[in-house]
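Novice: This structure is in structure tokens; I'll ask about it shortly.
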Amino acid sequence: MKKTVKKTGRSRVASAVFIKDLRIEARSRVVTNQVLPFAGLIMVMFAFALDNDDVLQRVAGGLIWLATIFSLFIIVQRSFAIDTSDSALDSLRVAGIDLSAVFLGKSIALSLQLIALDVVLIAAAFLLYQVQVSVIGLVLLVTCVICATTGLGFVGTLYGGLTAGTNGRETLLPLLLLPVVAPVLIAATRATEAAFGSGGAAISEGWAWVGLLAIFAAVFGVGGSLAFGPLIDE
Amino acid sequence: MLSQSAPKFSSTGTQATRIVGVLTIVVMTWVVISGLVFTPADVVQGESVRIMYVHVPSAWIAYLAFIVTAIASAFYIFAKRHSLGFDRVAGASAEVGVMFMVITLVTGSLWGRLTWGEFWQWDPRLTTTAFLLVTYIGYLAVRRLDGSIEQRARRSAVIALLAVLEIPLVHFSVVFWRSLHQRATILDPNGDVKMDGLMLFTLFSGVVGFTLVFVWLILHRQRTMLLSDLANQSGLDAAILARQNESVSN
């Protein structure tokens, strides 16, 4: 009975944190007004740098996910800057609520923002890089985006919590996060290339990479739920 | 907490570290002489095979150091009494591990240039090693974040345990990635190297010698960390006492 009450409390906290983060974003519009244009600019700058339609089509998958990871740093730092500026994170901690629920709520909110970002980035790839996708490829692409952004949401929240409120967090976060997200970059890029058929990649090759993305998300979902409390605990 | 474990020494040397130090000098002297003079050049690789006497033992120590860091971090987190001794061993081991990892990558690149014709190949082992290096540089950066000694210990222990989750995923993804691409062209890095008895013995001596260097460095480093923590703590205590005296006199 007690366990059921605790579970309900946990899901309630997670959904409250999730709604709070999305409501802050809806009111401030930082992702839509700043991060999206930034990610779009990265896509344009890559086109300037590579300056070849065939090369851009070939590497479109990698460029989408690099732009996503660069944007992840900004979204995570912004999210935790709000939480630490008025000691909101400290208030959540001393309130005695389950910190794994806070982790879950923040991670899902972050994943949802990344999904919105990826929809725009993929649309930009269609327009700017002239990539094409079949219906089966689209199913692979959507699954890939969901799995990859879930994993990125978990690790982003975990390491964002660690660096929140510390000096030099702007430089420390990429240093800690980039090695961790390397498997996501490799797997999501290959799966996206398979969905686009870039370089003759078969769609069947992409599903194995989606499996790796799902394992990554599961590992850091469980690991993050256990580690988030000790990491932000004073 | 820290003052309870105050040490009775003012330097980092003990009888044990001196014995380890002397043994290290003896074994390493033998490795240098045997590696450069006594052992023959390899039939295929020529003189470049001598890099192996540094490269293989340093790689072994680098991975051993990170295993020690993970185990010490797990003991710190999961033991009932969160002993800061485990944290200091973890930190010292990571520092030494990073140093040996750099030696591994530099000597590996030099050997690669002579054997493969290139300083770098996107081989899974090389790539995983490079990621491991960056991960532990991040770990050392986390240890230097502001906060109390206990905060440092808790944060870095969690990061070390997360690295244990991360490294297999990085390795697996790179292996999977490279399986779809071309392999090393001149000499397969997984190829067996047949060695004569003296070469094998020198290599084994190198592993023993580098392990002794590792033990010696860890013993000294974790003690300098303890002294540094105590110095910080006593400085803080003195500042608090001075403020209290000021308030009493006012």
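The values are calculated or read from the model by the stated rules, or taken from the named source; none is laboratory data. Bear in mind the structure is a predicted one, so any value in this text is a computation, not a measurement. Glycine also receives a Cβ, built like all others from the backbone with ideal geometry; neighbour counts cover every protein chain displayed. Heads up: the accessible areas ignore ligands, DNA and RNA and are worked out on the full protein's heavy atoms, side chains in. Shrake-Rupley method; radii C 1.70, N 1.55, O 1.52, S 1.80 Å.
Novice: Among the residues that make up region B:170-178, is at least one of them over 22 Å from the mean Cα position of the chain (by Cα), more than 9 Å from every other protein chain (Cβ to nearest Cβ) and assigned to a helix (DSSP H, G or I)?
Specialist: Yes, the conditions are met somewhere in region B:170-178.
Novice: Let me ask you something else. If I filter region A:210-232 down to residues being at the interface with chain B (Cβ under 8 Å from one of its Cβ atoms) and in contact with a Lys or Arg (Cβ under 7 Å, 6 or more places away or on another chain), which single residue comes out as surrounded by the fewest Cβ atoms within 10 Å (Cβ to Cβ)?
Specialist: The residue in question is A:Pro230.
Novice: Here's a check for you: in region B:202-221, which residue that is of a type outside the set (Val, Ile, Thr) and open to solvent by 30 Å² or more (accessible area, probe 1.4 Å) is farthest from the chain's Cα centre (by Cα)?
Specialist: Going through the qualifying residues, I end up with B:Phe204.
Novice: Ok, one more. Among the listed residues A:Ser87, A:Ser15, identify the single one that is among the hydroxyl-bearing types (Ser, Thr, Tyr), out of contact with any strand residue (DSSP E or B) (no Cβ under 6 Å at 6 or more places or on another chain) and more than 21 Å from A:Thr150 (Cα to Cα).
Specialist: A:Ser87
Novice: Another question about this same structure. What number of residues within region B:110-131 satisfy the criterion of being assigned to a helix (DSSP H, G or I), open to solvent by 30 Å² or more (accessible area, probe 1.4 Å) and within 12 Å of chain A (Cβ to nearest Cβ)?
Specialist: Of the residues in region B:110-131, 1 are assigned to a helix (DSSP H, G or I), open to solvent by 30 Å² or more (accessible area, probe 1.4 Å) and within 12 Å of chain A (Cβ to nearest Cβ).
Novice: In addition: Filter region B:145-165 down to residues that are surrounded by fewer than 20 Cβ atoms within 10 Å (Cβ to Cβ) and touching a Lys or Arg at 6+ places or on another chain (Cβ under 8 Å) and give me whichever is nearest to B:Tyr76 (Cα to Cα).
Specialist: Only one residue fits best here, namely B:Arg152.
Novice: Next question. Does A:Leu175 satisfy the criteria of being assigned to a helix (DSSP H, G or I), within 10 Å of another protein chain (Cβ to nearest Cβ) and without any contact (Cβ under 8 Å) to a residue 12 or more places away in the chain?
Specialist: yes
Novice: If I ask for residues that are of a type in the set (S, T, N, Q) and closer than 15 Å to A:Thr68 by Cβ, which ones from region A:131-153 would you list?
Specialist: Answer for region A:131-153, where residues must be of a type in the set (S, T, N, Q) and closer than 15 Å to A:Thr68 by Cβ: A:Thr149, A:Thr150.
Novice: Answer with yes or no whether A:Gly199 is within 22 Å of B:Trp177 (Cα to Cα) and in contact with a Lys or Arg (Cβ under 6 Å, 6 or more places away or on another chain).
Specialist: yes
Novice: Right, something else. Among the residues of region B:135-167, count how many are within 7 Å of chain A (Cβ to nearest Cβ) and either hydroxyl-bearing (Ser, Thr, Tyr) or not in a helix (DSSP H, G or I) (or both).
Specialist: Looking only at that region, the number is 3.
Novice: Within region A:123-137, count every residue that is part of a helix (DSSP H, G or I), touching a residue at least 60 places away in the same chain (Cβ under 8 Å) and either open to solvent by less than 50 Å² (accessible area, probe 1.4 Å) or basic (Lys, Arg) (or both).
Specialist: 4
Novice: Sticking with this structure for a sec: Looking at region A:93-109 only, could you name the residues that are open to solvent by 10 Å² or more (accessible area, probe 1.4 Å), touching a residue at least 12 places away in the same chain (Cβ under 8 Å) and of a type outside the set (Asp, Glu)?
Specialist: Across region A:93-109, the qualifying residues are A:Arg93, A:Ile97, A:Leu99, A:Ser100, A:Leu104, A:Ile108.
Novice: Okay, next question. Tell me, please, whether a residue that is part of a helix (DSSP H, G or I), open to solvent by 40 Å² or more (accessible area, probe 1.4 Å) and among the aromatic types (Phe, Trp, Tyr) can be found in region A:70-86.
Specialist: Yes - at least one qualifying residue is present in region A:70-86.
Listed here are the residues, each with its yes/no results for (1) within 23 Å of A:Leu56 (Cα to Cα); (2) open to solvent by 50 Å² or more (accessible area, probe 1.4 Å); (3) basic (Lys, Arg).
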{"position": "A:Gly165", "(1), (2), (3)": "no, yes, no"}
{"position": "A:Thr171", "(1), (2), (3)": "no, yes, no"}
{"position": "A:Pro174", "(1), (2), (3)": "no, no, no"}
{"position": "A:Pro183", "(1), (2), (3)": "yes, no, no"}
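Novice: Of the residues A:Ala148, A:Ala195, which single one is open to solvent by less than 10 Å² (accessible area, probe 1.4 Å), farther than 23 Å from A:Ala109 by Cα and away from chain B (no Cβ under 12 Å)?
Specialist: A:Ala195
Novice: Could you count how many residues in region A:139-172 are of a type in the set (S, T, N, Q), assigned to a helix (DSSP H, G or I) and touching a Leu at 6+ places or on another chain (Cβ under 9 Å)?
Specialist: Counting residues in region A:139-172 that are of a type in the set (S, T, N, Q), assigned to a helix (DSSP H, G or I) and touching a Leu at 6+ places or on another chain (Cβ under 9 Å) gives 5.
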